[in-house]
Amino acid sequence: MPTAAEHYNRLLADVYSWMYGGWDAALARYTEFFDSRGIAPNGGKRAIDLGAGCGFQAIPLARRGFSVTAIDLDCKLLAELEQHKGGEEIETVCADILSFRSHAPKTAELIVCMVDTLLHLDSQAAVTRLVDDVFAALEPGGTFIATFRDFTVETNELDRFIPVRSDDRTIFTCFLEFEPDTVKVHDLVYRRVDGRWDFAKSFYRKLRLPTAWVVTTLRDAGFGNVETGLDRG
Ligand SMILES: C[S@@+](CC[C@H](N)C(=O)[O-])C[C@H]1O[C@@H](n2cnc3c(N)ncnc32)[C@H](O)[C@@H]1O
């Protein structure tokens, strides 16, 4: 079974920023996300982005004045982040987020883990371990932001086929196969190359984490003030 790292390396990293609608749209979206929540440095200024990808959260955070450590297993996506970061204070680290403390040993005032990254871990036990480490790595009064899709409600039959994005050069469709604790995500990409269509396919698994379970896990780790909300991220 391909791991998340293999899936990104084989297929997803190459179309990731295009899938999002491009850089300007993605950066605007997360700039607005942090603006609307009043996220700004007011402590030691250090932020850690767990599963930073190509930097759609790290770059807006750095522009707001944070000094960001951006950690991801996919070195291609981190290279894109490096190309787009300009003069912003962002250190990229190609590593497993489960070992983030050895790469960012100082406490941080903000830790983010956004857009399904939590679901890429291979078990609820791994999520619990990460949340415990996040709590220990935060300054007193620090903030952790996690966004993920709650896949506990199954979609059925043809609703499992999702047209992700298409244009005249690329067509990306996703198919979801629900399993008891995970959802198997099949990504299918056609790309126009030299007048013909190249086809790439790959799958990986995401955890089906109930929101209520994540809230309990955060509280058990020591987070006193847990807020939940709905967002497209
Ligand atoms: C859905 S993407 C989100 C990326 C970024 N936060 C964004 O919103 O564009 C999930 C990211 O987590 C990374 N990832 C998954 N499992 C990881 C792990 N165990 N350690 C480090 N990165 C991981 C993937 O390489 C991918 O870049």
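The values are calculated or read from the model by the stated rules, or taken from the named source; none is laboratory data. Values in this document were obtained by computation on a predicted structure and should not be read as measured data. Counting neighbours? That spans all protein chains shown, and the Cβs are built from the backbone with ideal geometry, glycine included. We work out accessible area using only protein heavy atoms, side chains counted, and drop any ligands, DNA or RNA first. Shrake-Rupley method; radii C 1.70, N 1.55, O 1.52, S 1.80 Å.
Among the residues of the range 46-66, how many are more than 19 Å from Ala136 (Cα to Cα) and either free of Cβ contacts under 8 Å to residues at least 24 places away in the same chain or surrounded by 24 or more Cβ atoms within 10 Å (Cβ to Cβ) (or both)? Let's see the steps before the verdict.
Our first condition is that a residue be more than 19 Å from Ala136 (Cα to Cα); within the range 46-66, this holds for 52-66.
Checking which are either free of Cβ contacts under 8 Å to residues at least 24 places away in the same chain or surrounded by 24 or more Cβ atoms within 10 Å (Cβ to Cβ) (or both) leaves us with 52-59, 61, 66.
The qualifying residues number 10.
Could you list all residues from the range 169-189 that are under 30 Å from Asp122 (Cβ atoms) and open to solvent by 100 Å² or more (accessible area, probe 1.4 Å)?
The answer is Pro180, Asp181.
Counting only residues that are outside any helix (DSSP H, G or I) and under 17 Å from the mean Cα position of the chain (by Cα), how many does the range 59-68 have?
The number of residues fulfilling the criteria is 1.
Take Arg129 and decide whether it is under 19 Å from the mean Cα position of the chain (by Cα), open to solvent by 70 Å² or more (accessible area, probe 1.4 Å) and outside the structural domain of Asn42 (by TED's automatic domain parsing).
No.
Please list, ordered by first then second residue, the pairs with beta carbon atoms under 8 Å, 6 or more apart or interchain, first in the range 141-162 and at pLDDT below 95, second of a type in the set (Gly, Ala, Ser) and in a loop (DSSP other than H, G, I, E, B).
Gly141/Gly43
Glu82 - would you say it is touching a strand residue (DSSP E or B) at 6+ places or on another chain (Cβ under 7 Å) and away from the ligand (no atom under 12 Å from the Cβ)? Spell out how you get there, then give the answer.
Values: touching a strand residue (DSSP E or B) at 6+ places or on another chain (Cβ under 7 Å): yes; away from the ligand (no atom under 12 Å from the Cβ): yes.
So Glu82 fits the description; yes.
Find the helices (runs of 4 or more DSSP H) located wholly in the range 1-45 whose residues include 2 or more that are assigned by TED's automatic domain parsing to the domain that holds Ile145 and without any contact (Cβ under 8 Å) to a residue 40 or more places away in the chain, and list them.
Passing ranges, in order: 23-36.
Just the residues that are open to solvent by 40 Å² or more (accessible area, probe 1.4 Å) and within 9 Å of the ligand (Cβ to nearest atom), please, taken from the range 6-45.
Correct list: Asn9, Tyr20.
Tally up the residues in the range 96-117 that are within 12 Å of the ligand (Cβ to nearest atom) and open to solvent by less than 10 Å² (accessible area, probe 1.4 Å), please.
Count: 5.
Select from the range 33-65 the residues that are charged (D, E, K, R) and out of contact with any Pro (no Cβ under 9 Å at 6 or more places or on another chain) and write down the one among them that is nearest to Asn9 (Cα to Cα).
The residue in question is Asp49.
Across the range 103-141, what is the total count of residues that are touching a Pro at 6+ places or on another chain (Cβ under 8 Å) and farther than 19 Å from Ile90 by Cβ?
0
What do you reckon, is Phe135 aromatic (Phe, Trp, Tyr), under 21 Å from Thr228 (Cα atoms), in contact (Cβ under 8 Å) with a residue 60 or more places away in the chain and away from the ligand (no atom under 14 Å from the Cβ)?
yes
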